[in-house]
Every structure is written in C-alpha cells, then in structure tokens.
Amino acid sequence: MGNRTFTMIKPDAVKAGHIGAILEKINAAGFRIVAMKLTKLSQETAGAFYAVHRERPFYQELVDFMSSGPIVSAILEKENAVADFRTLIGATNPAEAAPNTIRALYATSVGENAVHGSDSDENATIESNFHFAACDVYGA
Ligand code: CDP
Ligand code: MG
C-alpha cells in the first residue's frame, strides 16, 4: 500500500465550506480518490483514532474538536502518496506551512488545521482500515 494515504477534511474546514476547494487541490496534485465519505466522529471514535497522542497536553482538545462536526474522510492513491500528501498539506502549524499548501490556505490554528494526512505507509493502512471496510475501497 505504498501508493495510498488516508486523509480527513477536519470539522473547521467542513464548517467553513472548504470541502470543494480542498478536493480540487487534491485532484490537481494528482491524487485519485479511491474511497470517500462524509461522517462525524464521536468522542470515542475520535479518541481511538488519535490514541497515539493520548499523553499529549492537547489530546482532549483534539478529541473535542475532531468530534465537533462533520468531517470528510478519504483514501487517496498516487505514487509516493504519504510523502507527497504531507507536502501538499504543509506543516502542522499553519504559520509554518509553505505558501499555497492546504494548511497555509485553510487552517486557522495549530489545532484547527483543516486536514489530516497519514505520516507513514503503516499508519495509512491502519487509518484507512479504521474508517473504511475493504468493500468501500475502489479497486480493493
Ligand atoms: O496532523 P499532523 O500529523 O501534522 O500533526 P500531529 O503532531 O500528528 O498532531 C495531530 C493533530 O493534533 C494536529 O493535526 C492538530 O490538529 C493537533 N495538535 C494540536 O492541537 N496542538 C499541537 N501542539 C499539535 C497538534
Ligand atoms: Mg500526525
């Protein structure tokens, strides 16, 4: 699965009406959408998704934010998907995100930063499986 990554358009960006613009950027960068849905995480599912961060000081705030409204989750396909998508979204803190990256354009703070992108092939698989069954994925 080295050619796939997992993303979420986070509640801030959905609320602000940026789903279309962000999907345009994703398509323009050469990613193919192989699974996608609009959904809403509960406190429990957001907490489980971000369990790796449970000891971090921002964990509860992150869980509250990620369960505060609808999100779009998707699996994206492209050669070198994980690294290329991290480049497309920019740094976690939008103040440090390169110009024209999705976070530079649409994130408002380090917490409310518009999009998620997997940080490794292994996590891309884990996160994709968390959100989608095999039968939801095109070409699976
Ligand atoms: O999302 P990314 O991989 O760039 O960053 P992370 O270090 O894995 O953190 C996950 C998420 O936690 C971030 O995207 C932010 O939404 C949030 N976060 C935060 O609220 N405050 C921080 N100091 C760092 C991260
Ligand atoms: Mg991360």
- Message: One residue is enough: does segment 98-121 have a residue meeting the conditions within 10 Å of ligand 1 (Cβ to nearest atom), over 16 Å from residue 11 (Cβ atoms) and without any contact (Cβ under 8 Å) to a residue 12 or more places away in the chain?
- Response: no
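For (1) under 15 Å from residue 114 (Cα atoms); (2) not hydroxyl-bearing (Ser, Thr, Tyr), each residue gets a yes or a no:
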{"position": "3", "(1), (2)": "no, yes"}
{"position": "6", "(1), (2)": "yes, yes"}
{"position": "20", "(1), (2)": "yes, yes"}
{"position": "25", "(1), (2)": "yes, yes"}
{"position": "68", "(1), (2)": "yes, no"}
{"position": "77", "(1), (2)": "no, yes"}
- In segment 65-85, anything over 15 Å from the mean Cα position of the chain (by Cα) and surrounded by 13 or more Cβ atoms within 10 Å (Cβ to Cβ) is listed as 68, 78
- Task: Tell me the helices (runs of 4 or more DSSP H) entirely within segment 73-140 that contain at least 1 residues that are at pLDDT 95 or above and within 16 Å of residue 2 (Cβ to Cβ).
- Result: 81-89, 121-131
- Note on the structure: Among the residues of segment 46-64, the number that are buried (at least 16 other Cβ atoms within 10 Å of the Cβ) and in contact (Cβ under 8 Å) with a residue 24 or more places away in the chain is 2
- Task: Check whether at least one residue in segment 26-38 is surrounded by fewer than 13 Cβ atoms within 10 Å (Cβ to Cβ), over 25 Å from residue 133 (Cα atoms) and more than 11 Å from ligand 1 (Cβ to nearest atom), and report yes or no.
- Result: yes
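The values are calculated or read from the model by the stated rules, or taken from the named source; none is laboratory data. Note that the structure is a prediction, hence the values are computed from the model and not measured. Note that each Cβ is placed from the backbone with ideal geometry, even for glycine, and that neighbours are counted across all protein chains shown.
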